[in-house]
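Undergrad: Sharing a structure with you now.
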Amino acid sequence: MLIFATRPLSFISSCHFPLQQFCNNTITSMDSSKLFSTMAADHSSSREPLKVESNGEAAISLQEWRGWGTTSTVPSMVTQVVEDLNMLEKNVDAQMVFGGNHGKLSGDFKVQEDKKHRAKYQSLGDSEQKLQFFSARQIACRVLGSKGYLCQKCWLCSGDCMCSKLITCPLWNPMRFWLYMHPKDFLRQNNTGKLLWQVFGVQGATLCLYGITEHEDMMWDALKLAGKDKVWCLYPNKNAPTNSVKDSMAGLSFANVENHPEMADGAHSLNFILIDGTWSNSGAMFSRLKDRYKLMWGEEEIPCITLNTGASLMHKLRPQPSWDRTCTAAAAIGLLDELHDLPNFVSYGLDKQVNALEDAVKVLFETLTIRRLRMGRSITRKQRHNRDIF
Ligand SMILES: [Zn+2]
């Protein structure tokens, strides 16, 4: 996500302090982003030697599904993928084994499953079906492969769980964040989008997985209820004029909202969609939002807002391909911070919510650093790119 506020830089800079507690290197703010990039590469290069094996029939219960931070029923296509994996396990002489992290199948079962899912993918008629299958398979494997391995709340290995260090803080009632997340970012330890619902709760920040029908329908039903003038996407739309926070929000009045607490039931007044994926995935994700917005309201462009940032700053930060993933929480912090500066928002305590989210990012950053140093890994190694579609 290419949205950078002046405020997030201040917390990235402030990360010098905790980092220096654990290593002697002097780390600049740009090096901090490299650290996150390096952590992003963990999944492919050096995972912990733990393997997760299916124990007979693999399944995902509603309780387990919601435990990961989602608010929907178990998606039917995810259930279908799990059933297909169980069927395959019965039909081939190999046990379903996941290689410790991020739902990567391993061993003989992986060889068999690769053939099967590629054939299925090819057989699907249109790109919509292919996307839904891709997403469901990613999600199913990630959930099955993380069972008993990751803490469901913070998505870190159970031994690294940071949940006890987090302080929750309710989001101002009329606001709601939607984390529109790419399946490859689901259950990633270094994902910062998850911090939003950890801090604000799932009603203040709701996960919507890209390509998962149940999630997308749930989000668009809520947006429909709120109305088209209550929806914004934080995205630098190159093909349409984007507005600043001030342009979009300074004229709004909340007298009615404050007098109608029933708004909390679904018709949130201000809905902000944050695209939580890599920069390379974000274009397709934004297009999908735009198409659905047009289908629902007949408008060509979904209203986009950008945060305050200078061109030179953008230029400096852009070269980090994985940096975008770290900026989901930063974008939320930047938005809340800019809103708090507006006279019509100043009395709603958004500054406290900024502080709470900044603290959560620092906790995550420290936890990942400790983990990495404990495992004897460099915290400045360059990222390896391994982002094939399957
Ligand atoms: Zn935890």
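The values are calculated or read from the model by the stated rules, or taken from the named source; none is laboratory data. These numbers come from a predicted model, not from an experiment. Cβ sites come from the backbone with ideal geometry, for glycine too, and all protein chains shown count toward neighbours.
Undergrad: Of the conditions (1) closer than 24 Å to E301 by Cα; (2) assigned to a helix (DSSP H, G or I); (3) among the aliphatic types (A, V, I, L, M), L195 fails just one. Which one is it?
TA: Among (1) closer than 24 Å to E301 by Cα; (2) assigned to a helix (DSSP H, G or I); (3) among the aliphatic types (A, V, I, L, M), L195 violates only (1).
Undergrad: Cβ-Cβ under 7 Å, sequence separation 6+ or interchain: first residue in the range 140-169 and under 12 Å from V199 (Cα atoms), partner assigned to a loop (DSSP other than H, G, I, E, B) and more than 8 Å from the ligand (Cβ to nearest atom). Which pairs?
TA: T168/G201
Undergrad: Then there is this: Within the range 327-346, does at least one residue satisfy the condition of being crowded, with 20+ Cβ neighbours inside 10 Å, closer than 30 Å to D247 by Cα and modelled with pLDDT under 85?
TA: yes
Residue-by-condition table, conditions (1) at pLDDT below 95; (2) of a type outside the set (S, T, N, Q); (3) within 23 Å of L335 (Cα to Cα):
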| site | (1), (2), (3) |
| --- | --- |
| K110 | yes, yes, no |
| S135 | no, no, no |
| K147 | yes, yes, no |
| Q152 | no, no, no |
| T168 | no, no, yes |
| L179 | no, yes, yes |
| V199 | no, yes, yes |
| V202 | no, yes, yes |
| L223 | no, yes, yes |
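Undergrad: Could you tell me which numbered condition L187 fails, if it satisfies all but one of (1) of a type in the set (A, V, I, L, M, F, W, C); (2) within 16 Å of the ligand (Cβ to nearest atom); (3) out of contact with any Gly (no Cβ under 9 Å at 6 or more places or on another chain)?
TA: (3)
Undergrad: Could you say which residue among V92, V82 is β-branched (V, I, T), modelled with pLDDT under 95 and more than 25 Å from L195 (Cα to Cα)?
TA: V92
Undergrad: For the range 113-163, give me each residue that is within 19 Å of the chain's Cα centre (by Cα), assigned to a helix (DSSP H, G or I) and within 10 Å of the ligand (Cβ to nearest atom).
TA: C163
Undergrad: Testing W172 on (1) away from the ligand (no atom under 16 Å from the Cβ); (2) in a helix (DSSP H, G or I); (3) in contact with a helix residue (DSSP H, G or I) (Cβ under 9 Å, 6 or more places away or on another chain), one condition comes back false. Which one is that?
TA: Of the numbered conditions (1) away from the ligand (no atom under 16 Å from the Cβ); (2) in a helix (DSSP H, G or I); (3) in contact with a helix residue (DSSP H, G or I) (Cβ under 9 Å, 6 or more places away or on another chain), the odd one out for W172 is (2).
Undergrad: Going by the conditions given, is K104 of a type in the set (D, E, K, R), outside the structural domain of A205 (by TED's automatic domain parsing) and either buried (at least 17 other Cβ atoms within 10 Å of the Cβ) or within 16 Å of the ligand (Cβ to nearest atom) (or both)?
TA: The answer is no for K104.
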